[in-house]
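Heads up, the thing below is written out as structure tokens.
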Amino acid sequence: MSQREGVGPRSRALNEISAGLFPGGVSSPVRAFGGVGGKPPVIRRAQGALLFDVDGREYVDLVGAWGPMILGHGHPAVERAVVARVRRGIMTGTPSPDEPRLARLITRLMPAVERMRFVVSGTEACMSALRLARAATGRTKLIKFAGCYHGHADAFLASAGSGALTFGTPDSPGVPPEVVAATLVAPYNDLGAVEALLAAHPGEVAAVFVEPIAGNMGFVPPEPGFLAGLRSACTRHGALLVFDEVMTGFRVHLGGAQALYGITPDLTTFGKIIGGGLPVGAYGGRADLMARVAPEGPVYQAGTLAGNPVAMTAGHRTLRVLARPGVFERIAACTSELAAGLAADGRDAGVPIVATSIGAMLGLWFAAAAPTNLVEAQATDLARFRRYHGAMLARGVHLPPSPFEAWFVSLAHDAPIIERIRSAHREALRAS
Ligand SMILES: *Cc1c(COP(=O)(O)O)cnc(C)c1O
């Protein structure tokens, strides 16, 4: 594998054109490599576990489009189904057979989701679930966790700052302080903080939103009892428990994190894998709650492109392949083998690394111990990650360009691909 620092001339030229057209040169901020420095390679083709950039360079992909591509790029069954569906019309804005086909599969894999509504992104799913939770409880406040991401709707753009038990302050200009004043923020894995917030605001909290395995502050699993504690606290205080499974849904277990931990949330939000790489989100849960959504109920929520049949088809075929006997287990085994290998290489190199996985989701930290919340995640060796990221990219491995992102393994990551990652990793540890 050749080693090159920086992207090739064609990527550089396209990045410059895009910088004039788009803020940061990108369509979504983290793609700009702000978290690691340098510029992103411009990718023109993807196949299996590999990406190919406009300069003809090849990368092993551990981003997987930020989650959806759990079967790898261009899985033949998905590709065939999508092309066939495109030939029958891309979008009609009518009911189609594709929506119930995907929804029935999701509700079968995840029984707590009795009924659902398709939207177009994870952001929209969380925003709509919050509206529904507020309507159903007649309450306004929500509790979220520092470091958990629920899309970019105003109400979720709040973090705790230094004090955990304070009102949220906006993370972004343009978010009215009065909107995030209704957002209460607790540290992840801190059940006591949640109990304190619920007690301090009796009868006011509509919902607790949580990533049941956090993947947007790096990979941070829940500690034993945390999710069960949230479930019982919500029930006691009349708040709804919302699992944001946009990332974890069908990634950590075929039944999502809720099956893995045996917790029944009131509502669940989806995105990523259920669209197979096309734009999809969904929210669903208890039938009595979903009956409040328009046009059956008064809670308004709509979408011109919602339930897009091509996206439904990509998601359905992805989930169908994933649910074949042994497929999920194979990806999960490969992921845990990779995590163990990365950790072992770290020990051999004398570099403190924590590399762990759940299902097909993996996290790597330059730290002696795994962080359990955002503050601990921020205390890991972030500068080392930045150097490591550049060294891996130069050796043909495309990692998420931030220490605060999980890594995604796919069905296309076979033993030779895993060995390519590990050999780049061993070199990058020495070089960075
Ligand atoms: C990606 C993500 C979202 C947002 O989904 P978009 O489709 O990017 O709007 C929400 N919640 C979680 C947990 C996510 O990982």
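The values are calculated or read from the model by the stated rules, or taken from the named source; none is laboratory data. Computed from a prediction, not measured in an experiment: that's the story for all the values here. Virtual Cβ from ideal backbone geometry, glycine too; neighbours counted across all protein chains shown. Only protein heavy atoms, including side chains, enter the accessible area calculation; ligands, DNA and RNA are left aside. Shrake-Rupley method; radii C 1.70, N 1.55, O 1.52, S 1.80 Å.
Only residues in segment 119-145 that are free of Cβ contacts under 8 Å to residues at least 60 places away in the same chain count as the first member; pair them with residues that are in a loop (DSSP other than H, G, I, E, B) and open to solvent by less than 20 Å² (accessible area, probe 1.4 Å), Cβ under 6 angstrom, at least 6 apart or cross-chain, and list the lot. Sorted first by the residue in segment 119-145, then by its partner, the pairs are 127/153.
Only one of (1) part of a helix (DSSP H, G or I); (2) open to solvent by 40 Å² or more (accessible area, probe 1.4 Å) is not met by residue 105, so which one is it? Looking at each condition in turn, residue 105 falls short on (2).
Taking segment 282-302 as the range and being closer than 12 Å to residue 115 by Cα, hydrophobic (A, V, I, L, M, F, W, C) and out of contact with any strand residue (DSSP E or B) (no Cβ under 6 Å at 6 or more places or on another chain) as the test, the residues that pass are 289, 291. Evaluate segment 329-347: report whether one residue or more is modelled with pLDDT of 95 or more, basic (Lys, Arg) and more than 30 Å from residue 75 (Cβ to Cβ). Yes, some residue in segment 329-347 is modelled with pLDDT of 95 or more, basic (Lys, Arg) and more than 30 Å from residue 75 (Cβ to Cβ).
Within segment 31-67, if we keep just the residues that are part of a loop (DSSP other than H, G, I, E, B) and within 16 Å of the ligand (Cβ to nearest atom), the residue that is most open to solvent (accessible area, probe 1.4 Å) turns out to be 35.
Of the numbered criteria (1) within 11 Å of the ligand (Cβ to nearest atom); (2) of a type outside the set (D, E, K, R); (3) assigned to a loop (DSSP other than H, G, I, E, B), the one residue 265 fails is (1). Selection within segment 275-299: residues that are surrounded by 23 or more Cβ atoms within 10 Å (Cβ to Cβ), of a type in the set (A, V, I, L, M, F, W, C) and within 16 Å of the ligand (Cβ to nearest atom). The member of this set that is farthest from residue 240 (Cα to Cα) is 280.
Taking the criterion of being crowded, with 24+ Cβ neighbours inside 10 Å and in a loop (DSSP other than H, G, I, E, B), the residues of segment 241-262 that qualify are 245, 246, 247, 248, 250, 251, 252.
Mind checking whether some residue in segment 115-122 is of a type in the set (Ser, Thr, Tyr) and surrounded by fewer than 22 Cβ atoms within 10 Å (Cβ to Cβ)?
yes
In the set 181, 164, 160, only one residue is touching a Phe, Trp or Tyr at 6+ places or on another chain (Cβ under 7 Å), in the same structural domain as residue 270 (by TED's automatic domain parsing) and at pLDDT below 95; that residue is 181. Based on this model, can you work out whether residue 305 counts as surrounded by fewer than 16 Cβ atoms within 10 Å (Cβ to Cβ), within 18 Å of residue 119 (Cβ to Cβ) and hydrophobic (A, V, I, L, M, F, W, C)? Answer is yes for this residue.
Does residue 174 meet the test of being surrounded by fewer than 23 Cβ atoms within 10 Å (Cβ to Cβ), touching a helix residue (DSSP H, G or I) at 6+ places or on another chain (Cβ under 9 Å) and at pLDDT 95 or above? Before the answer, list the steps.
Details: surrounded by fewer than 23 Cβ atoms within 10 Å (Cβ to Cβ): yes; touching a helix residue (DSSP H, G or I) at 6+ places or on another chain (Cβ under 9 Å): yes; at pLDDT 95 or above: no.
No, not satisfied.
Here residue 331 does not qualify as within 13 Å of the ligand (Cβ to nearest atom), among the hydrophobic types (A, V, I, L, M, F, W, C) and part of a helix (DSSP H, G or I). For segment 77-90, the set of residues classified as open to solvent by less than 60 Å² (accessible area, probe 1.4 Å) and under 12 Å from residue 308 (Cβ atoms) consists of 82, 85, 89, listed by residue number.
If you go through segment 280-308 and keep only what is among the aliphatic types (A, V, I, L, M), farther than 21 Å from residue 101 by Cβ and in a loop (DSSP other than H, G, I, E, B), you end up with 291, 294, 302.
Among the residues of segment 227-237, not one is surrounded by fewer than 20 Cβ atoms within 10 Å (Cβ to Cβ), touching a strand residue (DSSP E or B) at 6+ places or on another chain (Cβ under 9 Å) and within 16 Å of residue 187 (Cα to Cα).
Checked against (1) of a type in the set (Gly, Ala, Ser); (2) away from the ligand (no atom under 16 Å from the Cβ); (3) closer than 19 Å to residue 147 by Cα, residue 225 meets all criteria but (3).
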